[in-house]
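**Q** Sharing a structure, written as structure tokens. Questions coming.
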Amino acid sequence: MGNVSHKPAVPDPQTGLTPRQVKLIQSTWQTFCSGHREYGVLLFVALFTKHPHLLDLFPKFRDKDITTLMDELVFRAHACAIGYHITSMVASLEDAAALKIMAQRVGAEHLKRHGVTPAHFEVLGDCLVDVLLEKDKRDMTVEAIQAWREFITYFVAVIKEVYDKDAALGAEATSGEWSRTYEATRDSASIAAVSVIGGHAGSSQKQPDSARNSGSERIEAAAVFQVADHPAVASSIQGRSGTSVLHIVTGEGH
């Protein structure tokens, strides 16, 4: 027994997360998602309930009442897409390069959205931890909470880098640069963009941003998946009326 080594876990040099922290984040997220099918909707309802002023950042939602908002198909599609994006990042915690690309993409996409700042992502992260703790007090231990907070700190730091670079170089040039970086690297990171339009989904490794139309009669969302970790994922999110809001399929042959 004297020869047993108890070396401290070495954090990833980029994310700052140890292997144990990665497992804690992934296991608690899996438990949460398994118990709450529409976890993205649950998260955003909690966010707007606690911070109703944030509705002003969403033109399509700002005049809605939070008590009826979750019945809106556009809201549900958006919330579900964000939920799937979080799932993708959690699945990619052991792939720091892919994780950073995803975070950079989130930052680049929000540069053009008036009023959105890195601080808002921190608020969303805090709300996420609160929801996880409320729904799973047993597994959300002090250690698990700390792991989630460190992950969120890393994510917000990457977002801030994107915003800082934009401020230094100019919005138009920087947005284009981040887009080119994402397009050039997402294949190697095995990332697929899934465009959800009008309740139907089409999966493409080369889905251009221009393909996503924001027309008022189209329900749209985008979800990003780590294909290597999700060889075949199919999920149908049912609306209050029983109508399928999202039907997402990823993997080979789709």
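Derivation of every value follows stated rules applied to the coordinates shown; laboratory data play no part. This one's a predicted model, so the numbers in the text were calculated from it and none came from an experiment. A quick note on method: Cβ atoms are made from the backbone with ideal geometry, for glycine too, and the neighbour counts reach across all protein chains shown.
**Q** On the Cα set of the range 19-189, report Rg and Dmax in Å, please.
**A** Rg, Dmax (Cα atoms, Å): 16.3, 47.
**Q** Take the range 38-136, compute every pairwise Cα distance, and split them into 10 Å bins from 0; I just need the percent in each bin.
**A** 14, 46, 34, 6, 0
**Q** Could you work out how much longer the chain between Glu143 and Arg62 gets when fully extended? Use 0.36 nm per residue separation minus the Cα distance between them, nm to one decimal.
**A** On the way: separation 81, 0.36 × 81 = 29.16 nm, distance 3.66 nm.
The Glu143-Arg62 span can extend by a further 25.5 nm.
**Q** What's the local net charge at Ile159, with K and R +1, D and E -1, over the other residues with C-beta under 13 Å away?
**A** Around Ile159, the surrounding residues sum to 0.
**Q** What is the extension gain from Arg37 to Thr49, computed as 0.36 nm multiplied by their sequence separation minus the C-alpha to C-alpha distance, in nm to one decimal? Intermediate values should be presented prior to the final figure.
**A** Values: separation 12, 0.36 × 12 = 4.32 nm, distance 1.97 nm.
Contour length minus the Cα-Cα distance gives 2.4 nm.
**Q** State the extension gain, in nm to one decimal, for the chain segment bounded by Leu73 and Lys23, taking 0.36 nm per residue of separation less the distance between their alpha-carbons. Show your work: numbers first, answer last.
**A** Values: separation 50, 0.36 × 50 = 18.00 nm, distance 3.36 nm.
So the extension gain works out to 14.6 nm.
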